[in-house]
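The values are calculated or read from the model by the stated rules, or taken from the named source; none is laboratory data. Remember, predicted model here, so these are calculated numbers, not experimental data. Neighbour counts run over all protein chains shown; Cβ positions are idealised from the backbone, glycine included. For the accessible areas, the whole protein counts, side chains as well, though only heavy atoms, and no ligand, DNA or RNA atoms are used. Shrake-Rupley method; radii C 1.70, N 1.55, O 1.52, S 1.80 Å.
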Amino acid sequence: MDSVAESSKNRKRLREEEEQQQQQQEEIEAEETSSTDQTLSLVDSLTFSDTMVAVRIMRAQFPHIDKVSIQPFILHSQLYSSVKDRTQVDRELESLRREKVLRVFKLNTGQDDHAIMFLDDYLIQVDRAVKRMEEKKLRNLEVFEWFKTQVIDNKQDPSIDHQELCLLLSHGGKVKDEHISLLINAGLLTRQLIDPNMYWFAIPNIGSVLKGLSQGRKELLSLLNRQRYKEMMLAPLEKKRLRLSLLDMRFHLRDLIGSGHLKTVNTPTGLLVRMRFSCLNLSIANFLSGLYSADDMGPSSGSIIVVDVGMPSGLWRNLKFLALYTSRHQLNL
């Protein structure tokens, strides 16, 4: 009898241990699932079905930067690399902006460079900037509360003119020139060079990151340019580190693919990243290949020959024939 009871207790204990182990395994799997967005390789997460999915995953994949306190942001060009339909991206982005889910910021790193940040992340960034200004014990700090409650909440565009800015701020109190100067010094606004009465909304404390963005672009393009065929497989390229940028390789690859500087090619061994140099002047081609005489270059001098730098070497060997054949036309390879 005692042996039967003991056997029953042993079986119960074993069941409890199995249930506990199963529960622990489920917890581990849940943690792994929650961090999937951060660890997912670019090879597996290059394209998405819609804009919001792309924004959320890229936000989760934003690199952790120790030296700078900055909330995650996404570049407009990165969305173009991730969602095939650019019209869909623009339409959905505009809808999310109007619904006050996201904010769009013009960057000074390029004519078409725009950053996208969740509104909640932007407000955190604003609060950090306000705290830094408070530590300096400056006057007129009430303008920051006016800016958050009256301006940010009512103006979703990337820019605002001086008159409208003062009008919105006046709902909080009497506006002075010192108030505007404080907003600019805190990094919340930047004056437009073309029209000093217009301001861009800005992300505070982003300066060093933008410097790295420009340098990282050049470093990545230089890295590919040194390759024999100006191309590399995506998987090993993604693992390389950039010396001049606080942002990681994945961030820069999305950016340059979306902006058209790079393109991806499907191969039997995986995705290939290739430089996309669009145009070479025929006079440069003449210097390199010695194909043309002075008579050849006459009327057609300065015409454009379009060449993909990543083309197979066999096509380069046939360039003489192709260039002579199209000496007065455009060549698309």
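Could you list, in sequence order, all residues of segment 196-220 that are of a type in the set (S, T, N, Q) and assigned to a helix (DSSP H, G or I)? Spell out the reasoning first.
Step one: filter segment 196-220 for residues of a type in the set (S, T, N, Q), giving 197, 205, 208, 214-215.
Correct list: Ser208, Ser214, Gln215.
Could you pull out the residue among Leu193, Leu223, Leu247 that is touching a residue at least 24 places away in the same chain (Cβ under 8 Å) and either surrounded by 14 or more Cβ atoms within 10 Å (Cβ to Cβ) or not in a strand (DSSP E or B) (or both)?
On the way: Leu193 fails: touching a residue at least 24 places away in the same chain (Cβ under 8 Å); Leu223 fails: touching a residue at least 24 places away in the same chain (Cβ under 8 Å).
Going through Leu193, Leu223, Leu247 in turn, the sole match is Leu247.
Can you tell me which of (1) in contact with a Phe, Trp or Tyr (Cβ under 8 Å, 6 or more places away or on another chain); (2) surrounded by fewer than 20 Cβ atoms within 10 Å (Cβ to Cβ) is the one Gly258 doesn't meet?
(2)
Pick from Leu271, Leu256: which is in a helix (DSSP H, G or I) and modelled with pLDDT of 90 or more?
Working: Leu271 fails: in a helix (DSSP H, G or I).
Just a single option satisfies the conditions, and that option is Leu256.
When you go through (1) more than 30 Å from His252 (Cβ to Cβ); (2) surrounded by 16 or more Cβ atoms within 10 Å (Cβ to Cβ); (3) in contact (Cβ under 8 Å) with a residue 24 or more places away in the chain one by one for Gly173, which number turns out not to apply?
(2)
Looking at the structure I just gave you, is Thr87 more than 28 Å from Gly207 (Cα to Cα), modelled with pLDDT of 90 or more and not charged (D, E, K, R)?
Values: more than 28 Å from Gly207 (Cα to Cα): yes; modelled with pLDDT of 90 or more: yes; not charged (D, E, K, R): yes.
For Thr87, the condition - more than 28 Å from Gly207 (Cα to Cα), modelled with pLDDT of 90 or more and not charged (D, E, K, R) - is met.
Exactly one condition in (1) open to solvent by less than 10 Å² (accessible area, probe 1.4 Å); (2) within 30 Å of Leu247 (Cα to Cα) is false for Val151; which is it?
Failed condition: (2).
Return yes when Val143 is surrounded by 14 or more Cβ atoms within 10 Å (Cβ to Cβ), among the aliphatic types (A, V, I, L, M), in contact with a Cys (Cβ under 8 Å, 6 or more places away or on another chain) and more than 29 Å from His76 (Cα to Cα) and no when it is not. It would help to see each step written out before you state the result.
Working: surrounded by 14 or more Cβ atoms within 10 Å (Cβ to Cβ): yes; among the aliphatic types (A, V, I, L, M): yes; in contact with a Cys (Cβ under 8 Å, 6 or more places away or on another chain): no; more than 29 Å from His76 (Cα to Cα): yes.
Judged against the criteria, Val143 is not a match.
Filter segment 228-244 for residues that are among the basic types (Lys, Arg), farther than 18 Å from Lys211 by Cβ and open to solvent by 50 Å² or more (accessible area, probe 1.4 Å) and give the result. So that I can check it myself, show each step before the final result.
First pass over segment 228-244, keeping only residues among the basic types (Lys, Arg): 228, 230, 239-241, 243.
Still in the running and farther than 18 Å from Lys211 by Cβ: 228, 230, 239-240.
Those that are among the basic types (Lys, Arg), farther than 18 Å from Lys211 by Cβ and open to solvent by 50 Å² or more (accessible area, probe 1.4 Å): Arg228, Lys239, Lys240.
In segment 76-105, what residues are open to solvent by 20 Å² or more (accessible area, probe 1.4 Å) and among the aromatic types (Phe, Trp, Tyr)?
Within segment 76-105, just Tyr80 meets the criteria.
Please go through (1) at pLDDT 95 or above; (2) of a type outside the set (Gly, Ala, Ser); (3) in contact with a Phe, Trp or Tyr (Cβ under 8 Å, 6 or more places away or on another chain) for Cys166 and return the number of the only condition it doesn't satisfy.
(3)
Would you check if Glu164 is of a type outside the set (Phe, Trp, Tyr) and either over 18 Å from Ile203 (Cα atoms) or in contact with a helix residue (DSSP H, G or I) (Cβ under 6 Å, 6 or more places away or on another chain) (or both)?
On the way: of a type outside the set (Phe, Trp, Tyr): yes; either over 18 Å from Ile203 (Cα atoms) or in contact with a helix residue (DSSP H, G or I) (Cβ under 6 Å, 6 or more places away or on another chain) (or both): yes.
Yes; evaluated as a whole, the condition is true for this residue.
Given the conditions (1) of a type in the set (Asp, Glu); (2) surrounded by 14 or more Cβ atoms within 10 Å (Cβ to Cβ); (3) under 30 Å from Arg254 (Cβ atoms), report the number of the one that Glu164 does not fulfil.
Every listed condition holds for Glu164 apart from (3).
All but one of (1) of a type in the set (A, V, I, L, M); (2) closer than 30 Å to Arg250 by Cβ; (3) open to solvent by 40 Å² or more (accessible area, probe 1.4 Å) hold for Ile206; state the number of the condition that does not hold.
(3) is the only condition that Ile206 fails.
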